[in-house]
Amino acid sequence: MIKRLIQFISIALFILILGACSNSMNGMNHNNMNMDEEREVTYEDTTTKGLQQTVSTEKIELNEFTLVAQERKHTLTEGIDIQAWTFNGSVPGPEIRVQEGEEVKIILKNELKDPVTIHWHGIPVPNNMDGIPGVTMNAVQPGDSFIYEFKTTVPGTYWYHSHQDGVNQLDKGLYGSFIIEGKNDEEVDKDYTLVLDEWMSDTDSDRFSMGHDMGNMYDIFTVNGKSGKDVLPLLVNEGDKVRLRLVNAGFMSHKIHLHGHEFKVTGTDGQEINDPELIKDQLISIAPGERYDIEFTTDNLGEWLLESHGDMEGTDGMKVPIKYESFDGASTDKSNKQEKLKLFDLTSYGKEGSGGFTLDQEYDLSYTMDLNTGMSSRGMVYTINDKTFPKTENIKVNEGDLVKVKLENNSTIDDHPMHLHGHFFQVLSKNGKPVQGSPIIKDTLNLKPGDEYVVAFKADNPGNWLFHCHDLHHASAGMVTQVTYDGFKPQFTPNPNANNQPE
Ligand SMILES: [Cu+2]
């Protein structure tokens, strides 16, 4: 009660302060993407008064539909309401399910007070559909619309999110899953998508004065927008073949443990894993932006947990009950979130095959990206080859080039989940050791401190494409570069008044 009162007073005070300086804040303009300018965070007041409550996430199986960005009140769990920014009034936004090869047309309508865009994370779309303000389009202004059109060529698990001021807009809920069902997908009885995220229960003014690494500020972990006992259970029948599509929309890695069942990791980032073997009691560590598809057969009647392991304050909230419908006993399964189980190792899993690239073949270009953490007069910065965006050096390619990139994480404590837009890359080696087992094709690759990976891709999608860290606290503090194609001209004229904030 007292805490609520303090919270109320601090929010009220905050609104007053915000009111006093709102003119100067609204006047801020980041259109020239210049990191040298002092960055102001444009948080509005965080009350939920007068806002409509969120609805549950719908499934959209059409190939033409509208996504409306709008503000709502969202209940993470009983007693914890937050001001959310949503697509179609839900957190996550609609689960989009379309067929491989379909042409989709999506109308984005912006009913927020800030500009937004949509980026189709992992889907290789034409450059002008990638949704990057100031790079591929102008941010969609309040009251305006934008039409995205592309063909869904590669089946798999993807997601979409705003790429305007992403560090704040994703935090507020502007994301959803995007499933492209393949012609040759294996039939399953249940196909569930689980979108992971973290939230702050207390948005007091501390967050504005803190540095960019606010890991411990996120104290509520959610699955499909709900935490703890409000997470919807997954209902199964005995003998079901179940597919779970895990999507991490947050800024922290989560180690996920499936209780009571053997399972296979069948895909990552929309790409199949070759001949995956059954494993049990291994933790799938899923980094920001990554996806993992797992499959299991329900051969163990009862009620089981799919839970996050670790000892963060929010860990407890990230638990999904798996309920057999014919089971009427009491669940005997317990959390063992502190147990340090084996971490699933994607670099030695499944069967060898050809992914198209090898370490010793010839490449047209080789780049090195030294990822690091530094200090500047503005606070923490996250650098690529000692530079921050937009001063980072672009990876310049010609169409058709075979490109090899060595990524090194020289930060001492920060993970860097690096995401390349518009292309998949093949992971060839980790810490000097060639990848064993299945070829690994991804669009987001997490580097732990000290990690070094070599990846390769073919420059086959002309445009200007971001390559950045998906801990968007790091991206917004510098860790962004671009893959740029020689001779490519974007099909839009940057509007200096659009407040374009690509990172
Ligand atoms: Cu990072």
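Things to note:
- Across segment 377-401, the number of residues qualifying as free of Cβ contacts under 8 Å to residues at least 40 places away in the same chain and within 16 Å of the ligand (Cβ to nearest atom) comes to 2.
- Restricting attention to segment 422-457, the residues being in contact with an Asp or Glu (Cβ under 6 Å, 6 or more places away or on another chain) and not polar (S, T, N, Q) number 5.
- Hits in segment 138-168 (condition: in contact with a strand residue (DSSP E or B) (Cβ under 6 Å, 6 or more places away or on another chain) and aliphatic (A, V, I, L, M)): 139, 140, 147
- Apart from one condition, residue 372 fits all of (1) within 16 Å of the ligand (Cβ to nearest atom); (2) part of a loop (DSSP other than H, G, I, E, B); the exception is (2).
- Count of residues meeting criterion [buried (at least 22 other Cβ atoms within 10 Å of the Cβ), outside any loop (DSSP other than H, G, I, E, B) and more than 16 Å from the ligand (Cβ to nearest atom)] in segment 407-426: 1
- Residues considered: 281, 230, 275. Of these, the only one that is surrounded by fewer than 16 Cβ atoms within 10 Å (Cβ to Cβ) and within 23 Å of residue 311 (Cβ to Cβ) is 281.
- Breaking point among (1) assigned to a loop (DSSP other than H, G, I, E, B); (2) hydrophobic (A, V, I, L, M, F, W, C); (3) modelled with pLDDT of 95 or more, for residue 33: (3)
- Counting only strands (runs of 3 or more DSSP E) that sit completely within segment 90-146, those holding 3 or more residues that are modelled with pLDDT of 95 or more and farther than 24 Å from residue 483 by Cβ correspond to 95-99, 103-110.
- Of all the listed residues (351, 404), the sole one being away from the ligand (no atom under 16 Å from the Cβ), farther than 30 Å from residue 202 by Cα and outside any loop (DSSP other than H, G, I, E, B) is 404.
Condition check ((1) part of a strand (DSSP E or B); (2) within 16 Å of the ligand (Cβ to nearest atom); (3) in the same structural domain as residue 131 (by TED's automatic domain parsing); (4) in contact with a His (Cβ under 9 Å, 6 or more places away or on another chain)) across all residues:
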site: 453; (1), (2), (3), (4): yes, yes, no, no
site: 462; (1), (2), (3), (4): no, no, no, no
site: 465; (1), (2), (3), (4): yes, no, no, yes
site: 468; (1), (2), (3), (4): yes, yes, no, yes
site: 474; (1), (2), (3), (4): no, yes, no, yes
site: 478; (1), (2), (3), (4): no, yes, no, no
site: 492; (1), (2), (3), (4): no, no, no, no
site: 496; (1), (2), (3), (4): no, no, no, no
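- Of all residues making up segment 227-256, the number that are of a type outside the set (S, T, N, Q), out of contact with any helix residue (DSSP H, G or I) (no Cβ under 7 Å at 6 or more places or on another chain) and part of a loop (DSSP other than H, G, I, E, B): 8
- Answer from 371, 341, 301, 407 - the residue that is within 30 Å of residue 186 (Cβ to Cβ) and within 26 Å of the chain's Cα centre (by Cα): 341
- Boolean, residue 392 is within 26 Å of residue 170 (Cβ to Cβ), part of a strand (DSSP E or B) and not assigned by TED's automatic domain parsing to the domain that holds residue 272: no
- Hits in segment 356-390 (condition: touching a Gly at 6+ places or on another chain (Cβ under 7 Å) and of a type in the set (Gly, Ala, Ser)): 379
- Taken over segment 175-190, the residue count meeting the criterion of being over 11 Å from the mean Cα position of the chain (by Cα) and either among the hydroxyl-bearing types (Ser, Thr, Tyr) or assigned to a loop (DSSP other than H, G, I, E, B) (or both) is 8.
- Some residue of segment 442-450 being part of a loop (DSSP other than H, G, I, E, B) and within 13 Å of the ligand (Cβ to nearest atom): yes
The values are calculated or read from the model by the stated rules, or taken from the named source; none is laboratory data. Here the structure is a predicted model, which is why all the values come from computation and not from measurement. Positions of Cβ are backbone-derived with ideal geometry, glycine not excepted, and every protein chain shown enters the neighbour counts.
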